[in-house]
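Colleague: What follows is a single structure, and I will ask about it in a moment.
The values are calculated or read from the model by the stated rules, or taken from the named source; none is laboratory data. Remember, it's a predicted structure, so these values are computed and weren't measured experimentally. Using ideal geometry, Cβ is built from the backbone for each residue, glycine included, and neighbour counts are taken over all protein chains shown.
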Amino acid sequence: MKNAITSNLRPQLLGRMTQRAVVEALKSQGPISRADIARITGISPTTVSSAVTQVLNAGYIEETDAEISGPGRPGKILRLARESVQVIGVSVEPEWCEMVVGGLDGSIYEEHSLRFLTPNTYARLLAEIEKHARPWIDTPDVKTLGLGLSLPGLIDPSGELTVFSPNLHQTDDQHPSHDLRDRLGFSTILIQENDALCLAERRAHLAEDLAIIDYSGGLGLGVITGGRLLGRHIGLPRELGHITVDPKGTVCGCGNRGCLETLATDATFARRVSLKIGRTVTIDEAIRLATDDPAAFHSEIEAVLDYLAIAVAMTANLFAPPLIIMHGRLLNIVPNLLDCLTSRAAVRKLRPFREKCRLLQSTSTKAQGALAGILDHLFEELGPLMPTNV
Ligand SMILES: [Zn+2]
């Protein structure tokens, strides 16, 4: 079977596929030897060895000092590079931007993670990102291979143009990945924030089928099915937040009234808390106040939870993913809120889905998702995946 499929491929393409197979094996298995890679992929040791040399030269993998012993020649242990190269993840959100830096193995250097207030102009946003990235890029003996940029809103199918962002209009009709590439001089990709979260959670849960509901600022939906992002760059699935649920409701950032995202988010909760206490508070402050005294904000929590349950039921009825991951902060206020949401959403789901679609709290940030996105992009650039039935 292997020869039947691969004999028609051009040698150059086959070489690139083998390089991809090497990094995918290290991604899924962790540090292993050349012999292990050959065994796992079913590719001959000689071909693996040649591909390993090429990805070593490209800086994607490193040889560690550890050696394996046993029958035959001792072999060095290989791993995805994390000392000589790095990648950067950036998320731009309505209140804050977050930046992280990490290795090709997906590890994040937590001590370097940082946040800054989101600038209100596009030019200042690019300048701030460059200012914070520059010390990382200028680190001696470490090469930066790429940057992933997570943004809310709609992104053109080309993956370059931001079309429209209801809560972040300073990025509308811009080409941020192109502009950052010009400034920084390395590969930069733009990724929609819900897609970014999906990629991060896929790595965290090793799951190939999941949905993410991001209720932190707006209300967004991302879906991975069979390991692939659904409707990458542009498409209906991620605009769950702009479905009208209250025709006479509050005006939304998109211009309509009563969109689900005006009722089911951390931002909604902050507005309700502001009304209650008679002054405007940020999401940070609203969550802090409610965490200190949950009983005082019981009705505000309940009101948001009701609409969040509608978002969960919609997602279950449309996609029935085995896992729905909730990204936001309201559910952290008291420990049992995730269970409350599960039972409240079950009532609204179609009966066959009531016991399905397990709910979990997100463990990832959008900046981590942006980093996962640039890693996937770099690996995809190496070459296509080997056919699975080889
Ligand atoms: Zn809307």
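Colleague: Just to check your reading of the model, which residue among Gly383, Gly373 is in the same structural domain as Gly148 (by TED's automatic domain parsing) and within 24 Å of the chain's Cα centre (by Cα)? Let's see the steps before the verdict.
Modeller: Working: Gly383 fails: in the same structural domain as Gly148 (by TED's automatic domain parsing).
Going through Gly383, Gly373 in turn, just one is in the same structural domain as Gly148 (by TED's automatic domain parsing) and within 24 Å of the chain's Cα centre (by Cα): Gly373.
Colleague: From the list Leu197, Leu190, Leu180, which one is more than 23 Å from Gln361 (Cβ to Cβ), in contact (Cβ under 8 Å) with a residue 24 or more places away in the chain and part of a helix (DSSP H, G or I)?
Modeller: Numbers: Leu197 fails: more than 23 Å from Gln361 (Cβ to Cβ); Leu190 fails: part of a helix (DSSP H, G or I).
When all the criteria are applied, what remains is Leu180.
Colleague: Run Leu9 past the list (1) modelled with pLDDT of 90 or more; (2) assigned to a loop (DSSP other than H, G, I, E, B); (3) in contact with a helix residue (DSSP H, G or I) (Cβ under 9 Å, 6 or more places away or on another chain) and report the number of the one that doesn't hold.
Modeller: (1)
Colleague: To continue, here is another question. Does Leu219 satisfy the criteria of being closer than 22 Å to Pro322 by Cβ and within 16 Å of the ligand (Cβ to nearest atom)?
Modeller: yes
Yes/no matrix, rows are residues, columns are (1) in contact (Cβ under 8 Å) with a residue 24 or more places away in the chain; (2) in contact with a His (Cβ under 6 Å, 6 or more places away or on another chain); (3) not in a loop (DSSP other than H, G, I, E, B):
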{"position": "Glu130", "(1), (2), (3)": "yes, no, yes"}
{"position": "Pro135", "(1), (2), (3)": "no, no, yes"}
{"position": "Asp141", "(1), (2), (3)": "yes, no, no"}
{"position": "Leu147", "(1), (2), (3)": "yes, no, yes"}
{"position": "Ser150", "(1), (2), (3)": "yes, no, yes"}
{"position": "Gly159", "(1), (2), (3)": "yes, yes, no"}
{"position": "Val163", "(1), (2), (3)": "yes, no, yes"}
{"position": "Asn167", "(1), (2), (3)": "yes, no, no"}
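Colleague: Okay, moving on. Of all residues in segment 356-390, how many are touching a Lys or Arg at 6+ places or on another chain (Cβ under 7 Å) and either in a strand (DSSP E or B) or within 15 Å of Gly227 (Cβ to Cβ) (or both)?
Modeller: Adding up the residues that qualify gives 4.
Colleague: Would you check which residues across segment 168-192 are within 16 Å of the ligand (Cβ to nearest atom) and more than 19 Å from the chain's Cα centre (by Cα) and list them?
Modeller: Step one: filter segment 168-192 for residues within 16 Å of the ligand (Cβ to nearest atom), giving 168-169, 172.
Answer for segment 168-192, where residues must be within 16 Å of the ligand (Cβ to nearest atom) and more than 19 Å from the chain's Cα centre (by Cα): His169, Asp172.
Colleague: Here are Arg203, Arg257: which of them is more than 30 Å from Gly146 (Cβ to Cβ) and either surrounded by fewer than 19 Cβ atoms within 10 Å (Cβ to Cβ) or in contact with a helix residue (DSSP H, G or I) (Cβ under 7 Å, 6 or more places away or on another chain) (or both)?
Modeller: Matching residue, one of Arg203, Arg257: Arg257.
Colleague: Hey, another quick one. If you check every pair at least six apart or on different chains, which have Cβ atoms under 9 Å apart with a residue in segment 232-254 that is at pLDDT below 75 first and a residue that is within 14 Å of the ligand (Cβ to nearest atom) second?
Modeller: His233/Leu154; Ile234/Leu154; Pro237/Leu221; Arg238/Leu154; Arg238/Gly220; Arg238/Leu221
Colleague: Please specify each residue of segment 289-301 satisfying the condition of being more than 19 Å from Leu263 (Cα to Cα) and surrounded by fewer than 13 Cβ atoms within 10 Å (Cβ to Cβ).
Modeller: Those that are more than 19 Å from Leu263 (Cα to Cα) and surrounded by fewer than 13 Cβ atoms within 10 Å (Cβ to Cβ): Asp292, Asp293, Ala295.
Colleague: Now a separate question. When you scan segment 92-110, do you find a residue that is surrounded by fewer than 17 Cβ atoms within 10 Å (Cβ to Cβ) and part of a helix (DSSP H, G or I), even just one?
Modeller: Among the residues of segment 92-110, at least one is surrounded by fewer than 17 Cβ atoms within 10 Å (Cβ to Cβ) and part of a helix (DSSP H, G or I), which makes the answer yes.
Colleague: Determine if segment 264-287 includes at least one residue that is of a type in the set (Gly, Ala, Ser), more than 16 Å from the ligand (Cβ to nearest atom) and in contact with a Lys or Arg (Cβ under 9 Å, 6 or more places away or on another chain). Working first, answer last.
Modeller: Narrowing segment 264-287 to residues of a type in the set (Gly, Ala, Ser): 264, 267, 270, 274, 278, 286.
The next check asks that each one be more than 16 Å from the ligand (Cβ to nearest atom); those that pass are 270, 274, 278, 286.
Restricting the remaining residues to those that are in contact with a Lys or Arg (Cβ under 9 Å, 6 or more places away or on another chain) gives 286.
Yes: one or more hits.
Colleague: Only one of these conditions is not met by Leu240: (1) in contact with a helix residue (DSSP H, G or I) (Cβ under 8 Å, 6 or more places away or on another chain); (2) part of a strand (DSSP E or B). Which number is it?
Modeller: Evaluating Leu240 over (1) in contact with a helix residue (DSSP H, G or I) (Cβ under 8 Å, 6 or more places away or on another chain); (2) part of a strand (DSSP E or B) leaves (2) as the failure.
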